[in-house]
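Reading through the structure tokens given below for one structure.
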Amino acid sequence: MPRLYLKEYARALAGRQVFIACREGILRDHFQEIITDIKFLARHGAGTTLLHNMPNRFANQKLTTRLENRLPATAIVRVPPENDFYDAVLNHQESMFKVIFLERRYLIDRQANKINAITTGRVRESLEDFGDLIANVNFKGALACICHKIEAGQCDRVHILAAGKNVIKHELFTVEGAGTLIANNFQEAFRQVQTDEEVAIVHRILEMYRRSGFLKPRTKAYLNKNRHRFYVTAIDGIVVGCVEQIVIDAKTVELGALAISTRFRNQRVGVHTVKSFMSLMKMQGYTRFISLTNNPRLEALYSQLGFVQESRPEYRFRQAQSPNVKMFCRIDEPVA
């Protein structure tokens, strides 16, 4: 069960309008689940608008009446079935804060992995790669319109979710998310851990990597005691990655507990985190950087950033503490 960060994420939604769009078949198949999620948003301060294309015929009157009765605080907009649903949704208002499309599935890449977060530029570049994997041909065409609206500054974020239980809640109130997020205006910051809530998020991220066998366990008590050593990358004010400062000697610092939320993998958050950490450490006088990992993603990241896999003799004591783990080193001292 994903961990919900209600207070942190609710701040971004308070008083803002969220547009939820779902076609007739999806609304029928997930009626109660959609209502539950929309009511959850309303309880946490978001304004909500539900757009659907259910035909206005007698057989549907009971369902539309239930919608109105169950969602009294939600604006319900019916798109005529003969109209292009996606065009109508994206042009419902000139400016839209957040649009959620409930579909049969989120976007996936060629390896059938979920595309978690992506910019409009990468959507355009990647359409040839994953475009034919989109079962809904109409939605494939809508992606260009989504990109245009975001690039024109008329929409902040677009979310594509596989309709189901708690998907909107998990998309908007967890670090991991539940579907595909398209946006260009991620606000990135690198800093020390600041609050108990951020300690809890760091612990959550590290636990995911510990379960995968790539990190030694770090308890919440350890994180609280050593929070001054933990630095985080925050996107839109929410922690999505972390690194621990482990001082080896007067010149050397180790990058420990480097971990990025699965939501933001392949978005260069790891590059930003490592570069920001090294820049800050250089300001403190460190010129040598080491890290120990068997995580293939981190191995590739370190190689990309100029680290060399080697067990240097001066760090033999550190290597002995993790004998079966690869050491990566980068020396930024001036050449004599």
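The values are calculated or read from the model by the stated rules, or taken from the named source; none is laboratory data. Quick caveat: nothing in here was measured; it's all calculated off a predicted structure. Positions of Cβ are generated from backbone atoms using ideal geometry, with glycine treated the same way; all protein chains shown enter the neighbour counts. Accessible surface is based on the protein model in full, side chains and every heavy atom, while ligands, DNA and RNA are left aside. Shrake-Rupley method; radii C 1.70, N 1.55, O 1.52, S 1.80 Å.
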- Note on the structure: Of the accessible area of segment 198-336, computed with a 1.4 Å probe and all protein chains kept, carbon and sulfur make up a percent value of 53
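With a 1.4 Å probe and every protein chain kept in, tell me what percent of the accessible surface of segment 1-105 is carbon plus sulfur.
Ligands and nucleic acids excluded, carbon and sulfur give 48 percent.
Taking a temperature of 37 °C and a viscosity of 0.692 mPa s, what whole-number D in µm²/s does Stokes-Einstein yield for segment 293-336 with Rh from Kirkwood over alpha carbon pairs?
Rounded to a whole number, D works out at 289 µm²/s.
Could you rank the peptides 296-309, 99-112 by their average count of other C-beta atoms within 10 Å per residue, with the highest value first?
99-112, 296-309
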- Message: With a cut-off of 8 Å between alpha carbons and a minimum separation of six or more residues, what is the relative contact order of the chain in percent?
- Response: 14
- Query: What fraction of the DSSP beta bridges in the chain is antiparallel, stated in percent and rounded to the nearest 5?
  - Reply: 50
- Item | Which labelled figure in (i) 22.0; (ii) 20.3; (iii) 25.6 is Kirkwood radius over Cα pairs in Å, once derived from the coordinates | (i)
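Given +1 on the Cβ of Lys and Arg, -1 on the Cβ of Asp and Glu, and no further charges, what dipole in debye does segment 197-336 carry about its Cα centre, rounded to the nearest 20?
Details: 22 positive and 12 negative charges, 66 e Å.
Magnitude of the dipole: close to 320 debye.
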- Using the heavy atoms of the protein chains alone and a 1.4 angstrom probe, what is the accessible area of the chain per residue in square angstrom? 47
